[in-house]
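J.: There's a structure below that I have some questions on.
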Amino acid sequence: MTRFHEIVQGMDLAAFRASLEAVTARDVERVLGAGQIADDDLPVLFSPAADAYLEEMAARSAAITERRFGKVIQLYAPLYLGNECVNKCTYCGFSHELQIARVTLTPEQVLADAAILHDEGFRHILLVAGEDRRYVSMPYLLQCVEMLHRRFDSIAIEIQPLKTEEYRQLVEAGVDGLAIYQEVYDPEIYQSYHLAGPKRNWANRLDSIEFGGEAGMRSLGIGALLGLAPWRPEVALLALHGRMLQRKFWRSKIAVSFPRIQPSAHHYNPDYRVYDRDLVHMIFAMRLALPDVELVMSTREGARLRDGLIGLGITRMSAGSRTDPGGYSQPEDHDGEQFAIDDARPPDEIARAIAERGHEPVWKDFDREFILAP
Amino acid sequence: MKTLKPLIIDGVELKSRLFIGTGKFSSPEVMARAVEASGTELVTVALRRVDLNNPNDPQLSALDFSKYRLLPNTSGARDAEEAIRLARLSRLATRTNWIKLEVTPDPHYLLPDPIETLKAAQVLVKEGFVVLPYINADPILAKRLEDCGCATVMPLAAPIGTNKGLKTADQIAIIIEQAGVPVVVDAGLGMPSHAAAALELGADAVLVNTAIAIAGDPVRMAIAFKLGVEAAIAAREAAPGGESRLARASSPLTGFLREEAAS
């Protein structure tokens, strides 16, 4: 099968963008009425015309999510290993040229942060790091996974693109999930944000989630960094990416995230602001487009929005997150965060909020026994 | 009245023909109340949800296992090896050797892998497990699993969570006809009428999860399923007249024959 980057390169993106704008109410009604939505029709869900059908999409999204996933929200926590980074990306708090406190956790520090997360109840964690192999090397990563995989039932990673063989080593060590957000699907717009470093390679980044699938990662997480480009064509491409990955890696779970850059005085300000209504629209539309994928919401978003979306489409949430390496062990010091957290409620409070909304907070939904070597 | 053949699995008689799955509920408390209301004697629990090192795990401690049989399931397992590992772990931790074998490599429709299911069943039966395998409604697979010693077969009515009802009715009918072990119709039953239809077809029991768990009032829905199942069993015991393709007159054309014989 063709790689997704080849599919995007073969598209006329200007025509694609224009076709989204040209969608009519009639098109939206036809697609919403269809049983299965064809690939060609997916973009209709994300069109401006679909905005008028938000409430209907909400109801359908809620019904599908409930049937497929039940009244549950799965909880996970990110664990930042390091913020050293060789890439220069205009939107990121870890960008190479920024004068921030650079940290790579020692194994002891990793264990300390992990112990806090374990005590809070987390059994699913996401290891995150900037890109610098001198600090977060393969041996270092494998050592972290080795230390952690008996304490946590699921370990996913979100780091720079690796080769298939490296993903295979990580899978063998006990990693079951991979997240790589393409940030921007439009290759030209992508270049404008990634000024230096290996992350400039748009095609390789897009390929690497497929390398992960080929290496046997059970969960493949994708997303676009909302705010960097006009959201409708971006999220339509994200949905098509999800479909393609589902077909190609039919044994893997697909997860779609919606990281949104909020306007900020201290961090990067988005060129293409995504409003709350837009975010909510794309979540409902994604549920209709990909009924079986996990939809993930991080603590970039505030409590009101996160709580409001429980039961409407979101199935996985992070809680009590820290995006500065070592942040769990040293909570007072916020230097070196990748992005600002909006929902700063502690995990048990978030669990209570989930329960108050008639859902069960699920701390454990996988078991290390699935993948432990005999 | 014709009493139905008792439902006996591994020497244990189960009076209720309704089994309940415990996933997807809004809380363990709601789940426990729905289970109680359903009158079930057997519940399934996903091992991936349970911390088997914690004797007070909320998934297990919400239920009184002196009232219900626990049937752990291996859902999430992608192949035989994973399912076997989970089953062995389950036996140690839960002290039951009953296992619902669920090998579902496709996380989207959660359809069971027939090849891996058979491989795992063969190993687990030899290791002394009481194996209840979840399968697609494949009559040949059902016989192969029965041959290798499975305690039941559990064919799906429709994919998990779809609430679509007896989409596989014809195949299930064949399985029931050919089965020497109890047949439990599992997955896709969305309404009590679906459960009743499965039992009227001749199934020995049904397993329901999503339809009860996500109902607005799970306790009431559990009662509804209980009543639907009881209705179907009562109807079977009443020895129904059967369907007829042609109209059957109350005074049949051949009525004269009886008169002649009597005279």
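The values are calculated or read from the model by the stated rules, or taken from the named source; none is laboratory data. This one's a predicted model, so the numbers in the text were calculated from it and none came from an experiment. Every residue, glycine among them, receives a Cβ derived from its backbone with ideal geometry; neighbour counts consider all protein chains shown.
J.: B:Val103 is checked against (1) surrounded by 24 or more Cβ atoms within 10 Å (Cβ to Cβ); (2) more than 13 Å from chain A (Cβ to nearest Cβ); (3) of a type in the set (Val, Ile, Thr) and fails just one. What number does that condition carry?
T.: The failed condition is (2).
J.: Return the pair list, or none, for Cβ contacts closer than 7 Å from residues in the range B:206-229 that are more than 14 Å from chain A (Cβ to nearest Cβ) to residues that are among the small types (Gly, Ala, Ser) and assigned to a loop (DSSP other than H, G, I, E, B), at least 6 apart or on different chains.
T.: B:Lys226/B:Gly39
J.: Say we look at the range A:4-28 and pick out the residues that are in contact (Cβ under 8 Å) with a residue 24 or more places away in the chain and over 25 Å from the mean Cα position of the chain (by Cα); which of these is surrounded by the most Cβ atoms within 10 Å (Cβ to Cβ)?
T.: Of the residues in the range A:4-28, the ones in contact (Cβ under 8 Å) with a residue 24 or more places away in the chain are A:4-5, A:7-9, A:13, A:16-17, A:19-21, A:23-25, A:28.
Restricting the remaining residues to those that are over 25 Å from the mean Cα position of the chain (by Cα) gives A:19, A:21, A:23-25, A:28.
Details: A:Ser19: 17, A:Glu21: 11, A:Val23: 20, A:Thr24: 11, A:Ala25: 12, A:Val28: 22.
Filtering first and then ranking leaves A:Val28.
J.: Would you say B:Gly216 is assigned to a loop (DSSP other than H, G, I, E, B) and surrounded by fewer than 24 Cβ atoms within 10 Å (Cβ to Cβ)? Spell out how you get there, then give the answer.
T.: Values: assigned to a loop (DSSP other than H, G, I, E, B): yes; surrounded by fewer than 24 Cβ atoms within 10 Å (Cβ to Cβ): yes.
Yes; evaluated as a whole, the condition is true for this residue.
J.: Right, something else. Filter the range A:355-374 down to the residues that are within 20 Å of the chain's Cα centre (by Cα) and β-branched (Val, Ile, Thr) and list them by number.
T.: Within the range A:355-374, the subset within 20 Å of the chain's Cα centre (by Cα) is A:361-366.
Hit for the range A:355-374 is A:Val362, nothing else.
J.: While we're here: Inside the range A:206-217, can you point out the residues that are under 15 Å from the mean Cα position of the chain (by Cα) and either within 21 Å of A:Ala289 (Cβ to Cβ) or among the basic types (Lys, Arg) (or both)?
T.: A:Leu206, A:Ile209
J.: Can you say whether B:Leu199 is outside any helix (DSSP H, G or I) and closer than 23 Å to B:Glu102 by Cβ, as far as the supplied structure shows?
T.: Numbers: outside any helix (DSSP H, G or I): no; closer than 23 Å to B:Glu102 by Cβ: yes.
Judged against the criteria, B:Leu199 is not a match.
J.: Which is in a helix (DSSP H, G or I), within 18 Å of the chain's Cα centre (by Cα) and surrounded by 18 or more Cβ atoms within 10 Å (Cβ to Cβ), of B:Ala142, B:Ala158, B:Ala120, B:Ala137? Explain how you work it out, then say what you get.
T.: Numbers: B:Ala158 fails: in a helix (DSSP H, G or I); B:Ala120 fails: within 18 Å of the chain's Cα centre (by Cα); B:Ala137 fails: in a helix (DSSP H, G or I).
Only one candidate qualifies: B:Ala142.
J.: Anything in the range A:135-163 that is outside any loop (DSSP other than H, G, I, E, B) and either surrounded by fewer than 16 Cβ atoms within 10 Å (Cβ to Cβ) or of a type in the set (D, E, K, R) (or both)? List them, or say none. Reasoning before the result, please.
T.: Of the residues in the range A:135-163, the ones outside any loop (DSSP other than H, G, I, E, B) are A:138-148, A:154-158.
Correct list: A:Met138, A:Pro139, A:Gln143, A:Glu146, A:Met147, A:Glu158.
J.: Which one is nearest to B:Tyr134 (Cα to Cα) among residues in the range B:27-44 that are surrounded by fewer than 21 Cβ atoms within 10 Å (Cβ to Cβ) and either of a type in the set (D, E, K, R) or within 14 Å of chain A (Cβ to nearest Cβ) (or both)?
T.: Of the residues in the range B:27-44, the ones surrounded by fewer than 21 Cβ atoms within 10 Å (Cβ to Cβ) are B:27-30, B:32-33, B:36-37, B:39, B:41.
With the extra rule that they be either of a type in the set (D, E, K, R) or within 14 Å of chain A (Cβ to nearest Cβ) (or both), the set shrinks to B:27-30, B:32-33, B:36, B:41.
On the way: B:Ser27: 25, B:Pro28: 24, B:Glu29: 27, B:Val30: 26, B:Ala32: 24, B:Arg33: 26, B:Glu36: 24, B:Glu41: 19 Å.
Checked the range B:27-44; the qualifying residue nearest to B:Tyr134 (Cα to Cα) is B:Glu41.
J.: Which residues, taken from the range B:45-60, are surrounded by fewer than 19 Cβ atoms within 10 Å (Cβ to Cβ) and either within 12 Å of chain A (Cβ to nearest Cβ) or in contact (Cβ under 8 Å) with a residue 24 or more places away in the chain (or both)? Spell out how you get there, then give the answer.
T.: First, pick out the residues of the range B:45-60 that are surrounded by fewer than 19 Cβ atoms within 10 Å (Cβ to Cβ): B:51-58.
Those that are surrounded by fewer than 19 Cβ atoms within 10 Å (Cβ to Cβ) and either within 12 Å of chain A (Cβ to nearest Cβ) or in contact (Cβ under 8 Å) with a residue 24 or more places away in the chain (or both): B:Asp51, B:Leu52, B:Asn53, B:Asn54, B:Asp57, B:Pro58.
J.: On to the next question. Being of a type in the set (Ser, Thr, Tyr), surrounded by 16 or more Cβ atoms within 10 Å (Cβ to Cβ) and touching a Lys or Arg at 6+ places or on another chain (Cβ under 7 Å) narrows it down to one residue among A:Tyr53, A:Tyr91, A:Tyr76; which is it? Break it down stepwise before answering.
T.: Values: A:Tyr53 fails: touching a Lys or Arg at 6+ places or on another chain (Cβ under 7 Å); A:Tyr91 fails: touching a Lys or Arg at 6+ places or on another chain (Cβ under 7 Å).
None of the others qualify; the one that does is A:Tyr76.
J.: Give me a count of the residues in the range B:49-83 that are modelled with pLDDT under 95, assigned to a helix (DSSP H, G or I) and not small (Gly, Ala, Ser).
T.: Within the range B:49-83, residues that are modelled with pLDDT under 95, assigned to a helix (DSSP H, G or I) and not small (Gly, Ala, Ser) number 4.
J.: Which pairs do you get when a residue that is touching a residue at least 24 places away in the same chain (Cβ under 8 Å) and assigned to a loop (DSSP other than H, G, I, E, B), found in the range B:1-17, comes within reach of a residue that is loosely packed, with under 14 Cβ neighbours inside 10 Å and of a type in the set (Asp, Glu), reach meaning Cβ atoms under 8 angstrom, with the pair 6+ apart or on two chains?
T.: So the pair list comes out as B:Met1/B:Glu237; B:Lys2/B:Glu237; B:Thr3/B:Glu237; B:Leu4/B:Glu237.
J.: Pairs please, first residue from the range A:351-374 and facing chain B (nearest Cβ under 7 Å) and in contact (Cβ under 8 Å) with a residue 60 or more places away in the chain, second anywhere and buried (at least 16 other Cβ atoms within 10 Å of the Cβ) and aromatic (Phe, Trp, Tyr), Cβ atoms under 7 Å, 6+ apart in sequence or on different chains.
T.: A:Glu360/B:Phe25
J.: I'd like to verify a number: residues in the range B:84-114 that are part of a helix (DSSP H, G or I) and closer than 15 Å to A:Arg251 by Cα, how many? Please lay out each step first, then the result.
T.: Step one: filter the range B:84-114 for residues part of a helix (DSSP H, G or I), giving B:84-94, B:114.
Still in the list and also closer than 15 Å to A:Arg251 by Cα: B:114.
Of the residues in the range B:84-114, 1 are part of a helix (DSSP H, G or I) and closer than 15 Å to A:Arg251 by Cα.
J.: Quick check on A:Ile209: is it hydrophobic (A, V, I, L, M, F, W, C) and over 17 Å from A:Ser252 (Cβ atoms)? Give the derivation first.
T.: Values: hydrophobic (A, V, I, L, M, F, W, C): yes; over 17 Å from A:Ser252 (Cβ atoms): no.
For A:Ile209, the condition - hydrophobic (A, V, I, L, M, F, W, C) and over 17 Å from A:Ser252 (Cβ atoms) - is not met.
J.: Tell me which residues, restricted to the range A:304-341, are small (Gly, Ala, Ser), within 18 Å of the chain's Cα centre (by Cα) and outside any loop (DSSP other than H, G, I, E, B). It would help to see each step written out before you state the result.
T.: Residues of the range A:304-341 small (Gly, Ala, Ser): A:308, A:311, A:313, A:318-321, A:326-327, A:329, A:336, A:340.
Still in the running and within 18 Å of the chain's Cα centre (by Cα): A:313, A:318-321, A:340.
Of everything in the range A:304-341, just one residue is small (Gly, Ala, Ser), within 18 Å of the chain's Cα centre (by Cα) and outside any loop (DSSP other than H, G, I, E, B), namely A:Ser318.
J.: Which is of a type in the set (A, V, I, L, M, F, W, C), closer than 25 Å to A:Ser47 by Cβ and in a helix (DSSP H, G or I), of A:Val235, A:Val256, A:Val274, A:Val296?
T.: On the way: A:Val256 fails: in a helix (DSSP H, G or I); A:Val274 fails: in a helix (DSSP H, G or I); A:Val296 fails: in a helix (DSSP H, G or I).
Just a single option satisfies the conditions, and that option is A:Val235.
J.: Do you know which of the residues in the range A:173-200 that are among the acidic types (Asp, Glu) and not in a loop (DSSP other than H, G, I, E, B) is farthest from A:Ala236 (Cα to Cα)?
T.: A:Glu188
J.: What is the residue count in the range A:310-333 for residues that are at pLDDT below 90 and not acidic (Asp, Glu)? Walk me through how you get there before you give the answer.
T.: Of the range A:310-333, the ones at pLDDT below 90 are A:320-333.
From what's left, not acidic (Asp, Glu): A:320-323, A:325-331.
The total comes to 11.
J.: Taking A:Asp39 as meeting all but one of (1) at pLDDT 95 or above; (2) under 24 Å from the mean Cα position of the chain (by Cα), write down the number of the exception.
T.: Status for A:Asp39: all satisfied but (1).
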